[in-house]
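The values are calculated or read from the model by the stated rules, or taken from the named source; none is laboratory data. Bear in mind the structure is a predicted one, so any value in this text is a computation, not a measurement. Backbone-built Cβ (ideal geometry, glycine too); neighbour counts: all protein chains shown.
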Amino acid sequence: MNYKEKLTEIRAFVFDFDGVMTDGSVWMYADKEAVRAGNIKDGYAIQYAVKMGYVVTVISGATSQSIDNRMASLGVKEIYTGAASKKEVYKDFLAKHGLEEREVLVMGDDIPDYPLMGHCGVATCPADAAEEIKEAADYISLYKGGEGCVRDVIEQVLRLQGKWFLPEALEW
């Protein structure tokens, strides 16, 4: 089965944050939290997927109030930051939502994401992911981290399932 066929079964999205929703750059300021930049089109796709009934989450090793704030502003209710073991958090996430691995799309960019790549319906990564992650991926986005890769995979799933750009879902 090719990855496009697998997309028809996706009900949930699991994303890493740094290197997926950002380009991986972190600006460090003395006595302040690190600052990251995200992509507004990725954000639109995330909030739209939530609105359309998909479960969306972030599992990140980073701990940052800005990550929590950004995801909450997009309607994401479960945000797992400071995850020492992404594998354990992921298992709990699946159980909590009654999800089977085949119903989840995972997008990661580096070695800590590797354990999740073989335990999901569709493993994806940005164009600039680590080689090991690219080798484990079912789909490598044409877009780099922080430059639209999240929008890319969400839009593909929703288009295949007939849920992308439904004018009646857009409030006036």
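For this structure, a couple of remarks:
- Verdict on Glu135 being more than 22 Å from Ala83 (Cβ to Cβ), at pLDDT 95 or above and part of a helix (DSSP H, G or I): yes
- In segment 102-117, the residues that are over 24 Å from Glu131 (Cβ atoms) and surrounded by fewer than 18 Cβ atoms within 10 Å (Cβ to Cβ): Arg102
- Taken together, the residues in segment 140-159 that are touching a residue at least 12 places away in the same chain (Cβ under 8 Å) and either farther than 18 Å from Tyr48 by Cβ or among the charged types (D, E, K, R) (or both) amount to 8.
- Filter result for Tyr143 (crowded, with 19+ Cβ neighbours inside 10 Å, hydroxyl-bearing (Ser, Thr, Tyr) and more than 15 Å from Lys6 (Cβ to Cβ)): yes
- Among residues of segment 19-47 being modelled with pLDDT of 95 or more and outside any loop (DSSP other than H, G, I, E, B), the one that is farthest from Ile140 (Cα to Cα) is Gln47.
- Here Ile10, Ile46 are screened, and the one residue that is surrounded by 20 or more Cβ atoms within 10 Å (Cβ to Cβ) and in contact with a helix residue (DSSP H, G or I) (Cβ under 6 Å, 6 or more places away or on another chain) is Ile10.
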